[in-house]
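Worksheet: the structure to be examined is printed underneath.
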Amino acid sequence: MRPKIAVIRGDGVGPEVIDATLSVLERVVDAEFVEVRAGRAYFNETGLPMEEDGMDKLRGSDALLKGPIATPTKGRSYPSVNLRIRREFDLYANIRPFRSYEGISLRRMDLVMVRENVEGLYSGEEELQGDVAVTKRVITRSGARRIAEFAFRLAEKEGRARVTAIHKKNVLKVSDGLFLEEFYRVASKHPSVEADDYIVDAAAYRLVKVDYPFDVMLLPNLYGDILSDVAAGVVGSLGLCGSAQIGDDYAAFEPIHGTAEDIAGRGIANPLGTILAASMMLEWLGSKYGHEIVDVGRRMREAVDRTVEDGVLTPDLGGDATTSEVAEAVLERM
Ligand code: ATP
């Protein structure tokens, strides 16, 4: 039995970083890769945001590896493919690990952000009432509870000491109040893990300025979106960070960066964030396919570390290596 992995190459630098990652994956795991075409390029060609049987292909796979997909804000528009996948599979937990690299990162960092991925200000509930635009920020008790539960279980599994809930309860008393209430209720069931909380603006400052040992950070959707880019800046590049969107039965893995149009097509995008996302995918597949695949994921992550330490770097990290040279270096080190 071998895993079936759906692949959306995406837009902008997406195809470059995905192809580089596949050039590593195909050599180290025995898996079937199924391409699903979706995004701007596919829309321009066909008028559809995704192949008609795209969702069926995803449903028939174990996990999705994807590049960033553009959602146009002007001109001919189409519904967000990301949102559709997130809702269809209820991928409620967005996991983003951040580890610093000596000589590259602004400061030492080793933390995991657990971002609530389907509620908050991204509820999609928006309307124009005359001259007043209203967006609903929805936080449900069940949503707050399951993401808190996820964060504590992750801390226990990874041997991390503390979960810090990030909020703005001083202003958003009702919604962030409920988020925090559920957080502490769940925390009481996990006595081996410390629990504390931090106001979001102070947390942003601390991430950059103070060597505060955040360990697992639990964040409502918008705060997670913003603070993860801050953390990526501290690590050294958006191109150096991977992520997982996890639901109860399915998960999607991707770099945290967007389509990076400014460097697309030049062969210089950093593939390491996507390779790290792939290593998270192998780890996640372990529950179904056994420890060997987890081990390959771990070796892949270690090979990324050594590639960076050895100075094989794309221009975003001050080097002059190409996307494929970096992928080749990771493979060599595995
Ligand atoms: P989106 O709205 O889709 O998130 P964005 O333009 O806000 O996109 P990114 O596409 O992530 O953000 O790009 C932000 C900056 O980071 C750009 O200057 C881009 O070149 C750089 N960047 C992003 N990804 C990479 C990568 N893999 N390698 C090198 N630089 C990158």
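The values are calculated or read from the model by the stated rules, or taken from the named source; none is laboratory data. Keep in mind it's a predicted model, so treat the numbers as computed, not measured. As a convention, Cβ positions derive from the backbone with ideal geometry for all residues, glycine included, and neighbour counts pool all protein chains shown. When the accessible area is computed, the model is the full protein with side chains, heavy atoms only, and any ligands, DNA or RNA have been set aside. Shrake-Rupley method; radii C 1.70, N 1.55, O 1.52, S 1.80 Å.
Considering only DSSP beta bridges with both partners in the chain, what is the antiparallel share in %, to the nearest 5?
Numbers: 21 of 44 bridges.
Antiparallel bridges make up about 50 percent of those DSSP assigns within the chain.
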### Message
Once neighbouring chains are kept in place and the probe is 1.4 Å, which whole percent of the accessible area of the stretch 94-221 is contributed by carbon and sulfur?
### Response
52 percent
### Query
Does the stretch 106-235 come out rounded, prolate or oblate by the C-alpha gyration tensor, with a ≥ b ≥ c the root eigenvalues, rounded set by a/c under 1.5 and, if not, prolate when a/b is larger than b/c and oblate if not?
oblate
### Helix-derived mean residue ellipticity, 222 nm - over the chain, DSSP H n ≥ 4, -39500 (n - 2.57), to 500
-13000 deg cm²/dmol
### Message
Under the rule of at least 5 residues apart or a separate chain, name every residue whose amide H is placed under 5 Å from the amide H of ARG37.
### Response
GLU51
### Task
Would you give the gap between the C-alpha center of the stretch 27-94 and the C-alpha center of the stretch 259-334, rounded to a whole Å?
21 Å
### Summary
Residue-ordered couplings for the stretch 214-228, obtained by feeding phi - 60° into the Karplus form 6.51 cos²θ - 1.76 cosθ + 1.60 and rounding to whole Hz (Gly and Pro as x), are 4, 10, 10, 10, 10, 10, x, 3, 5, 4, x, 4, 6, 5, 6
#### Entry: Computed log₁₀ I(q)/I(0) - Debye formula, equal Cα scatterers, no solvent, the chain, q 0.09 Å⁻¹
-0.47
### Task
Work out from phi, with θ = phi - 60° and the Karplus expression 6.51 cos²θ - 1.76 cosθ + 1.60, the ³J(HN,Hα) of each residue of the stretch 184-192, listed in order in whole Hz, and give x for Gly and Pro.
6, 5, 5, 4, 5, 8, 10, x, 7
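Exceeding 30 Å between C-alpha atoms, which entries from my cross-link table qualify? They are LYS189/LYS288; LYS169/LYS288; LYS66/LYS189; LYS4/LYS157; LYS66/LYS169.
Details: LYS189/LYS288 27 Å; LYS169/LYS288 40 Å; LYS66/LYS189 35 Å; LYS4/LYS157 25 Å; LYS66/LYS169 35 Å.
Long pairs (Cα-Cα over 30 Å): LYS169/LYS288; LYS66/LYS189; LYS66/LYS169.
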### Task
Provide the solvent-accessible area of VAL193, counting protein heavy atoms only and rolling a 1.4 Å probe, rounded to the nearest 10 Å².
10 Å²
### Message
How large is the accessible surface of ILE95 in square angstrom, using a 1.4 angstrom probe and rounding to the nearest 10?
### Response
10 Å²
### Message
At 7 Å along Cα-to-Cβ for each site, give me the label-to-label distance between ASP53 and LYS173 in nm.
### Response
5.7 nm
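Over the stretch 231-334, what relative contact order in percent results from Cα pairs under 8 Å that are six or more residues apart?
After rounding, I find 25 percent.
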### Message
I'd like the Karplus ³J(HN,Hα) series for the stretch 298-311: coefficients 6.51, -1.76, 1.60, θ = phi - 60°, whole numbers in Hz, and an x wherever there's a Gly or Pro.
### Response
5, 5, 5, 5, 5, 5, 4, 4, 5, 4, 5, 4, 7, x
### Amide H contacts of ALA165 (H built 1.01 Å from N, under 5 Å, at least 5 apart or other chain)
ASP196, ASP197, TYR198, LEU218
## Note on the structure
Yeah, the stretch 187-304 with a ≥ b ≥ c from its alpha-carbon gyration tensor (a/c under 1.5 is rounded, else prolate when a/b outruns b/c, oblate otherwise) is oblate
